[in-house]
Amino acid sequence: MQTAKLILRNALRHKLRTALTLLGLVVAILAFGLLSTVVDAWYAGAKAASTARLITRNAISLVFSLPPSYEQKIRQVEGVSQVSIANWFGGIYKEPKNFFPQFAVDAHNYFDLFPEFVIDPSARRDFQRDRKGAVVGRKLAETYGFKVGDGVTLKGTIFPGNWDFVVRAIYDGRDQSVDTSQFFFHWDYLNETMKRTAPRRANQVGIYVVELSNPGRAAEISREIDTQFANSLAETLTETEKAFQLSFVSMIEAIVVAIRLVSFLVIFIILAVMANTMAMTARERSAEYATLKALGFPPRFVVGLIVGESLAIAAVGGCLGIALTFPVAAAFGRATGSLFPVFTVSIETVALQAACTLGVGLVAAAWPGRYAARVNIVDGLRAIA
Amino acid sequence: MNLISLDGVVKSYRRGEQTVAVLSGVSLDIGAGEFLALMGPSGSGKSTLLNLLAGIDRPDEGHIVVAGVDIVGLGERALADWRAAHIGFIFQFYNLMPVLSALENVELPLLLTSLSRAERRQRATLALQLVGLSDRLEHRPNELSGGQQQRVAVARALVVDPTLIVADEPTGDLDRDSAAEVMSLLCRLNEEMGKTIVMVTHDSRAAAHARAVMHLDKGELSRREELRA
Ligand SMILES: Nc1ncnc2c1ncn2[C@@H]1O[C@H](COP(=O)(O)OP(=O)(O)O)[C@@H](O)[C@H]1O
Ligand SMILES: [Mg+2]
């Protein structure tokens, strides 16, 4: 008859109370995991960003573009191996709520710079040959049922009119962290159309994507590129792709902070509930603690009973919560479609959940444990008489 | 040779501002193998006296020597170890662990010894046999009658082979037949196994099983009455 048995049986004494506490724990740990995954999803772009790529944009703001002539100059900077271009399109597919990123890119080499987008070579050639061709991500294709050969019409917001495309290739992510909810088409198609309809808005490049032969020299090369265009009409700002992505997340930083706060609040609430439960338990059992002490058991034994029980309940609730996070996050990711391109539960999230579980178990037992340790034998025995 | 000797034991409790004197200089000698009943009106300090000589409470003044050890001088840790080795407790409300079976309850104090699991089981089974409960080993306290629960408690008290068994109103919560059963069990422990027992009771029927009776009133002990030789 080991102490563990005593702890487990104690935990099951008030089945309803333990079940409700467990339910609370499961919900709290699950909610924490989901919120943490939402935050991760926002940072996914930055996390997956390559350090071997730089982004050159207009120094004033992303809304301002750069001339196509910069490509040649950037290419000549020492340490630059390739340069490609991309423009944010911001079109609407049927309804505004169907959000997904669309980019007009240099069809010849854009995918050479992004080896994480895996495309069948013959499909890629089909895309390059078709001026109206488009490459869509696997997740996007699954969300809207796009198949190779399908026509897709986007309603322009920045570039007016209805734009017709034909899906020519579907790309997969090299791994889980790759965003496969994007839509790419020919920059040339965009530019030629603009030349006809609004010549003053033609020949504009949103960003240059710069590939480095040696990522270790990113800072130096960024400076070198920006120096090339200093004191020109369109000065540039070059930074790593990661820094570029993070600058987007920083726009919604307040929301991220709020979500993090809420997730810790949830943990704090369950901690309070659990501490209350354990305190109730300890008070009810003061006569038993007094008896054990009379028999010669040291205070640390009764403390062990309380801490053990608290940890056991927390562990079961925490493990269930963590286990449930995976299917629930998957369902959540499916339900939100392309809103969160990458929605996977990270190791860090699971580690945080486990740490919270352990923390709740230990902290909830702190006060009741202290109480149990201090129960005076004579008073404790008197309590039932 | 006295097993237990109390010398000038004073104990008072503080209740708010005022102090309530419970024991005002009690001296008492108890020999090995005795079976002493402590009687007296409710609130006279019987339990307090018993708690003091069992080492679960401390006197304000005086000495309590049990088997050559002055327990007043022991620290908490040492006193707990001393209790585990020397005292068997029997309470009015049995005080069994509700989540443990009869066997596990009796085994409980043996967890503080160096006995192996098998030895603990064997000893606990034997103790339960002795109190006539070999057919109730796996029963939980709430599946046993009051009398049976108190017999489990007796088994728990004797399983460590203590120097002294203390019993505070052991029949206080029992019907007459169960009380008689428990009392004859205590008699057997005293007569056949030579256990020293100090029992607090206000039930004269129970006290009649003891070898000697002492009365406690207004903080003072009366002279002892010998019941049997
Ligand atoms: N922990 C305590 N705090 C305050 N008063 C106490 C405490 N324990 C006992 N007393 C008081 O001491 C007196 C003797 O109590 P007790 O020894 O339990 O009496 P008995 O067992 O003879 O009925 C009573 O008046 C009781 O109220
Ligand atoms: Mg009493």
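Per residue of chain A, what 222 nm ellipticity follows from adding -39500 (n - 2.57) for every DSSP H run with n ≥ 4, rounded to the nearest 500?
That calculation yields -18000 deg cm²/dmol at 222 nm.
With the full set of protein chains in place, find how many percent of the accessible area of segment B:114-229 is carbon and sulfur; take the probe as 1.4 Å.
The C+S portion of the solvent-accessible surface of segment B:114-229 is 45 percent.
Could you give the length gained on full extension between A:Ser213 and A:Asp172, defined as 0.36 nm per residue of separation minus the Cα-Cα distance, in nm?
12.3 nm
Mind pulling the angle between the C-alpha long axis of helix A:187-197 and the longest principal axis of chain A? Nearest 10 degrees, somewhere in 0 to 90.
Rounded to the nearest ten degrees, it is 60.
So what is log10(I(q)/I(0)) for segment B:2-226 at q = 0.07, 0.17 1/Å, when the Debye sum runs over its Cα atoms only?
One equal scatterer on each Cα of segment B:2-226 leads to -0.21, -1.23.
How big is the B/A interface in buried accessible area, both sides summed, 1.4 Å probe, to the nearest 100 Å²?
Looking at B and A, the buried total is near 2400 Å².
Enumerate the calculated ³J(HN,Hα) couplings along segment A:81-89 in order (Karplus 6.51 cos²θ - 1.76 cosθ + 1.60, θ = phi - 60°), each rounded to whole Hz, writing x wherever the residue is Gly or Pro.
With the stated coefficients, segment A:81-89 comes to 9, 8, 9, 9, 10, 8, 10, 6, 9 Hz.
Straight distance only, please: which aspartates and glutamates reach the Cα of B:Lys195 with their own Cα at less than 13 Å, same-chain residues fewer than 8 apart left out?
B:Glu34, B:Asp161
Rounded, prolate or oblate: which fits segment B:20-150 when a ≥ b ≥ c are the square roots of the eigenvalues of the alpha-carbon gyration tensor, with rounded for a/c under 1.5 and prolate only if a/b beats b/c?
In terms of gyration-tensor shape, prolate.
With a 1.4 Å probe and every protein chain left in place, work out the accessible area per residue of the protein assembly as shown in Å², rounded to a whole number.
46
According to the square roots a ≥ b ≥ c of the eigenvalues of the Cα gyration tensor, what is the shape class of segment A:283-376, taking rounded for a/c under 1.5, prolate for a/b larger than b/c otherwise, and oblate for the remainder?
prolate
In terms of Cα to Cα distance under 21 Å, which lysines are near enough to A:Lys15, apart from those fewer than 8 places away along the same chain?
Those lysines meeting the cut-off are A:Lys5.
Evaluate the Kirkwood expression for the hydrodynamic radius of segment A:213-255, namely the inverse of the mean inverse distance over all pairs of different C-alpha atoms, and round to one decimal in Å.
The Cα-based Kirkwood calculation yields 11.9 Å.
Provide, as a two-decimal number, the C-alpha radius of gyration of segment B:31-74 over 2.2 N^0.38 Å, N being how many residues it has.
1.25
Tell me the mean residue ellipticity at 222 nm calculated for chain B from its helices only (DSSP H runs of n ≥ 4, each -39500 (n - 2.57), averaged over every residue, nearest 500).
About -9500 deg cm²/dmol.
Report the extension gain between A:Ala258 and A:Lys132 in nm, rounded to one decimal, defined as 0.36 nm multiplied by the number of residues separating them, less their alpha carbon distance.
41.1 nm
Specify, per residue and in Å³, the volume enclosed by the convex hull of the alpha carbon atoms belonging to segment A:60-234.
Hull volume normalised by residue count: 131 Å³.
For segment B:124-136, take each phi angle, set θ = phi - 60°, evaluate the Karplus expression 6.51 cos²θ - 1.76 cosθ + 1.60, and give the result in whole Hz per residue in order, putting x for glycine and proline.
Using θ = phi - 60°, the values come out as 5, 4, 4, 4, 5, 4, 4, 8, x, 10, 4, 8, 10 Hz.
For chain A, what % of the accessible area comes from carbon and sulfur atoms, probe 1.4 Å?
Accessible surface attributable to carbon and sulfur in chain A totals 62 percent.
Can you pull a Stokes-Einstein diffusion coefficient for the protein assembly as shown at 20 °C (1.002 mPa s), Rh from Kirkwood over Cα pairs, as a whole number of µm²/s?
Estimated diffusion coefficient is 69 µm²/s.
When only alpha-carbon atoms are used, what values of Rg and Dmax, in angstrom, describe segment A:235-343?
Reported Rg and Dmax, both Å: 23.5, 83.
Could you tell me how far the Cα centroid of segment B:196-229 sits from the Cα centroid of segment A:323-356, in Å?
72
Cut-off under 21 Å on the C-alpha distance; same-chain residues fewer than 8 positions from B:Lys218 excluded. Which lysines are left, in chain and number order?
Candidates past the 8-residue exclusion: B:Lys11, B:Lys46.
If you take the Cα atoms of segment B:122-224, find Rg, then find the Kirkwood Rh from the mean of 1/r over all pairs, what is Rg/Rh?
0.99
The values are calculated or read from the model by the stated rules, or taken from the named source; none is laboratory data. Because the structure is a prediction, the values reported are computed rather than measured. Heads up: the accessible areas ignore ligands, DNA and RNA and are worked out on the full protein's heavy atoms, side chains in. Shrake-Rupley method; radii C 1.70, N 1.55, O 1.52, S 1.80 Å.
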